[in-house]
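Have a look at the structure below, then the notes.
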Amino acid sequence: MATAFLILYVITRGILVRHPFPFSTFLGIVSLMAMTYLGFQVFSWVRNKVLWGIRNRLIVAYIFMALVPVVLLLTMMGIGLYLLYPQIGAYLLQDDLQERTGVIAADAEEITSAVSQAIQPGESPTDQALLSRPRVATLITEARARWPGLRVFLHRARLVDPASGERFAGLVVYRGQLLFASEQKRDTPNGPVSVLVAAPITPALLNGLVSELGPIQFTLMQPADEHSKGLKISIGGRMYVTGERIVSSNRVLPPAVNWLDIPINGAATLQAYQVQPDPDKSPATLPAPAPVLATFSLRPSTLNKSLYSSVGAIGPILVTIVVVCAVIFLILEIAALVTGTILTRTITRSVGDLYDATLHVGRGDFSHRVRVHRRDQLGALGASFNEMTGSITNLIDEQRQRQRLEHEIAIASEVQQELFPKSLPSLPGLELAAICKPARVVSGDYYDFIRIGPTSIGIAVADISGKGIFAALLMASLQAALRSTATLDGNGNTAKLVTLLNGHLFRNTSDDRYATFFYATYDSETHVLSYTNAGHLAPFLVTRDCVQQLDQGGTVMGLFEETPYTQVTLQVPPGSLLIAFSDGLTEAANVYTEEFGMKRLKDEILRHRELPVQALMESLIAAAEKWAGTAEQADDMTVVVARMG
């Protein structure tokens, strides 16, 4: 279908020029889409058919490594030359203009000197009759021979900046006309005299500029405003539009000497000054900048001749050296490509044998062996492949066992995640946040929130000894026992609950298994906090500027069957913070094995105590991880934050 659209487009292409018909634009768009589709299809066919073999791929790789960099370098060199020639042309143009500016400045200086000498005692230095004095008139006539249309003024413009000097020479825009101008200022006994010499830039003058360039055009740029029409150009941070143009009349490009001698267009901005108001009628203020856009064209061969002429007879020798180096470079590139192709054939034979061997292995035939043709690195690769097939069955069995274990661990992790509270309970005047970051797939840390009354809640944090699956299973047992016990015990006695859990763990675990446990209840109506700490790291209770560690209660659970536990009851003021955590937070060590520690944790809590509980919890985890400086945790990290009141 795509090919049919392309054929139809080619057939109708000639008709469209003479006899356009409806839907011709639509046909062109569909043809472009068909061409794009065919391009993708051709690319896919080349990739799947031609580049399927490794030998072809290596040959293509050698081409890209040996040929493409050369092409890119040559392209970059061509682009560089294409950008360099306009700069050289702009330099030659500006150098010629600067030379002519110097000429008109010299003429202005001679005329100014003659005017100063022609002033008689008591005569006004602004008298226009001074310009008709013999010596002055002779100099003006000589200058007009060099500058057709030259005009001379006395005290008509103020191009000289009083703060910077007594002379000016450059380009000036006056009444929309571009001029070469020079103003000279002299002090005389009768007062200062100022002479302005100006000559218009005409097409005839452009014809006489630097001979290496082709047609030249000067375009006056005018400041753009919201009502300006036409193309707007940014120069020096301001927007301008094109104004009056001055175009050379008989400058043409010379014919090309070869196919590389392409015409190149260049441009440069020239600095001119806008003279306002009319110097013939009233004194002028200091001129404002008025950029001029100079555009030109050139032939590289013309500039090359000019550049080579600067070194004389050495120029042809330099060209010969460049050509010889290019030929040598091309020969080396061809030799490298041929050598790469030969090496490719030797490599692909061994690779082909390895490919055939992999087909046998894919069919389950592990008895096949690769033929070793030579004692080199490819031969060693074949020998290694033979050794690999000898033990591949054991590796496959081990991989299956590992995958089965990883699958079981993943299931255990999913089950464990279900044990943590899916949503935090809500009580008036109580904000909660909690997180558990396991060091492995499953965790031995545990936290829970249990609603034990309309205004009461239980907060539990535990750390099971050990890590991995066994610790996770013990955590699940503890969670089930805690929830059932807390639900049955309606009076919220923390010591009694911990005693019951201790007996449960002692009876259902081995002698070397235990758990640290912290359990607290909080009544949001009475602001009473009761807790029992069974060997767990003492949580922090922050009340106003006081930090208290909740370390009373008893020893760890699960080691002894009958262990006394005590309950501590506190009256907490509104706004108090309870921060409970596991030892994975405080024992995070840096590269010097220095632990994060309780003191740094306490400082972090006091520094960020005004944050919301979620942000405070995240800042504590982040501080410990930053201290450790590594993404790998040594132990599970659990943090529970409660703001009460």
For the stretch 555-595, state which GluC sites (Glu not before Pro) are in a DSSP loop and have at most 16 other beta carbons lying within 10 Å of their beta carbon.
GLU561, GLU562, GLU587, GLU594
The local net charge around PRO223, scoring Lys/Arg +1 and Asp/Glu -1 for residues other than PRO223 whose Cβ lies under 11 Å from its Cβ, equals +1
In the stretch 90-197, if every C-alpha pair distance is counted and binned at 5 Å from zero, what percent goes to each bin?
2, 12, 23, 24, 19, 12, 5, 2, 1, 0
DSSP bridge pairs, the chain: antiparallel proportion in percent, nearest 5:
95 percent
Could you tell me the relative contact order of the chain? Use alpha-carbon pairs under 8 Å, at least six residues apart, and round to a whole percent.
8 percent
Under 18 Å between C-alpha atoms is the cut-off here; go through the chain and count lysine pairs that meet it, provided they're at least eight residues apart or on different chains.
5
Could you work out the relative contact order of the stretch 464-600? I mean the mean sequence separation of Cα pairs under 8 Å and 6+ apart, divided by the number of residues, in percent.
22 percent
For the stretch 77-309, the Cα gyration tensor yields equivalent-ellipsoid semi-axes (√(5λ), largest first, whole Å) of 38, 21, 14
With +1 on the Cβ of every Lys and Arg and -1 on the Cβ of every Asp and Glu, the dipole magnitude of the chain about its Cα centre, in debye rounded to the nearest 20, is 3100 debye
Place the peptides 198-206, 221-229, 476-484 in order of packing, highest mean first, counting for every residue the other Cβ atoms within 10 Å and averaging per peptide.
198-206, 476-484, 221-229
Counting only DSSP loop positions in the stretch 373-404, the trypsin sites (Lys or Arg not before Pro) whose Cβ has at most 14 other Cβ atoms within 10 Å are ARG374, ARG375
What residue among PHE581, LEU500, ALA268 has its Cα farthest toward the positive end of the dipole of the chain, where the charges are +1 on Lys, Arg and -1 on Asp, Glu, each on the Cβ?
ALA268
The exposure ranking of ASP636, ASP353, ASP603, fewest beta-carbon neighbours within 10 Å first, is ASP603, ASP353, ASP636
Applying the span-like rule to the chain (DSSP H, Cα extent along axis at least 15 Å, Kyte-Doolittle mean at least -1.0) gives 2-18, 24-45, 54-66, 68-118, 134-146, 314-362, 377-419, 468-488, 494-508, 597-607, 613-628
For the stretch 77-309, with only Lys/Arg (+1) and Asp/Glu (-1) charged at the beta-carbon, what is the dipole magnitude about the Cα centre, in debye rounded to 20?
380 debye
How high is the relative contact order of the stretch 77-309, given as a whole-number percent (alpha carbon pairs under 8 Å, six or more residues apart)?
22 percent
In Å, descending, principal axis extents of the Cα set of the stretch 416-510:
37, 28, 17
Quick one: order HIS155, HIS527, HIS373 by neighbouring beta-carbon count within 10 Å, fewest to most.
HIS373, HIS527, HIS155
Stokes-Einstein D in µm²/s, Kirkwood radius over Cα pairs - the stretch 420-644 at 4 °C with 1.567 mPa s viscosity
74 µm²/s
How many angstrom separate the Cα center of the stretch 332-406 from the Cα center of the stretch 574-645?
52 Å
Expressed in angstrom and ordered largest first, the alpha-carbon extents of the chain along the principal axes are 133, 84, 63
Report, in deg cm²/dmol and to the nearest 500, the calculated mean residue ellipticity at 222 nm for the chain, where each DSSP H run with n ≥ 4 adds -39500 (n - 2.57) and the sum is divided by the residue count.
-15500 deg cm²/dmol
Compute the projected area of the convex hull of the Cα atoms of the stretch 569-645, averaged over all viewing directions, and report it in nm² to one decimal place.
5.5 nm²
The stretch 564-645: chymotrypsin sites (Phe, Trp or Tyr not before Pro) in DSSP coil with no more than 15 other Cβ atoms inside 10 Å:
TYR592
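Values in this text are rule-based calculations from the coordinates and carry no lab data. A quick note: this is a predicted structure, and the numbers were derived from the prediction, not measured. Here the Cβ is made from the backbone with ideal geometry for all residues, glycine too, and neighbour counts use every protein chain on show.
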